[in-house]
1. Can you tell me the length gained on complete extension of the stretch E44 to A26, counting 0.36 nm per residue apart and subtracting the Cα distance?
2. Rounded to whole Hz and in sequence order, give me ³J(HN,Hα) for the stretch 131-139 from the Karplus expression 6.51 cos²θ - 1.76 cosθ + 1.60, θ = phi - 60°, writing x for Gly and Pro.
3. If I model a spin label as a point 7 Å beyond the Cα along the Cα-Cβ vector, how far apart are those points for N112 and K52 in nm?
4. Can you list the residues, at least 5 places off or on another chain, whose amide H is less than 5 Å from the amide H of V161, using H built in the peptide plane?
5. Quote the FRET efficiency, to the nearest 0.05, computed for N61 versus E9 with a Förster distance R0 of 22 Å and r equal to the Cβ-Cβ distance.
6. Over 27 Å between Cα atoms, which of K65/K153; K6/K119; K36/K122; K119/K153; K52/K122; K6/K153 qualify?
7. How big is the equivalent ellipsoid of the stretch 95-168 along its three axes, where each semi-axis is √(5λ) from the Cα gyration tensor, reported in whole Å from largest to smallest?
8. Hey, with R₀ at 45 Å, roughly what FRET efficiency would Q149 and N17 work out to, going by the Cβ-Cβ distance, to 0.05?
Amino acid sequence: MEYRLKIQEETIPVEINSNEGNTATATIENRVYDLKYTLISENELHLMVNGKSVNVYLAKNKNGKTILLNGRTYPVQDMDNLPKGPKKKKGIDGPTKVTPPMPAVVIAVCVNEGDRVEKGQKVVVVSAMKMETTLVAPYNGIVTRVNVQENDKVMPGDILVDIDEIKDEEVSELKD
């Protein structure tokens, strides 16, 4: 079966052919991978990719799934299953939330209410299954609310930090 997956900002064609048992062959950008998989839980998958072992953690979100692999998170969307409605306008109205990709424990809160943050700046660090994930600001903004503290248990969809976006023009005004 063929898919067009958007991973971060890049759309990649992926072909997956199921074989006997829990095996499959994946072709990604003309590279062939032999896969053997075991479902550990609803959110965890053990993969053997060309004989190399890796655990993959999955979390559903409103746009598709978030995959945690080797301590890094990757937002993934199936481009063929996106709603065909009108495109969203650029920019975001109101506060934006920082939320974990899977059940986790907060190990560090790196911002306070009122802090100015830049896109990509570390906001919160969470730990899930002995792996740390750094959650970052999606854009320039002001932290309007911090809803967690160290050692809090959090779930996907929990709002950890609210950030009001600052448009590029507003950033230059603040620097002047």
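1. The E44-A26 span can extend by a further 4.6 nm.
2. Result, rounded to whole Hz: 10, 8, 10, 9, 9, 10, 5, x, 6.
3. In this crude spin-label approximation the distance works out to 4.4 nm.
4. It is V98, N147, by chain and number.
5. With R0 = 22 Å, the Cβ-Cβ based efficiency is 0.85.
6. Beyond 27 Å: K36/K122; K52/K122; K6/K153.
7. Working from the Cα gyration tensor, I get semi-axes of 21, 11, 10 Å.
8. That pair, Q149 with N17, gives E of 0.40.
Readers should treat all values here as calculations from the given coordinates under stated rules, not as data from a laboratory. Here the structure is a predicted model, which is why all the values come from computation and not from measurement. As a convention, Cβ positions derive from the backbone with ideal geometry for all residues, glycine included, and neighbour counts pool all protein chains shown.
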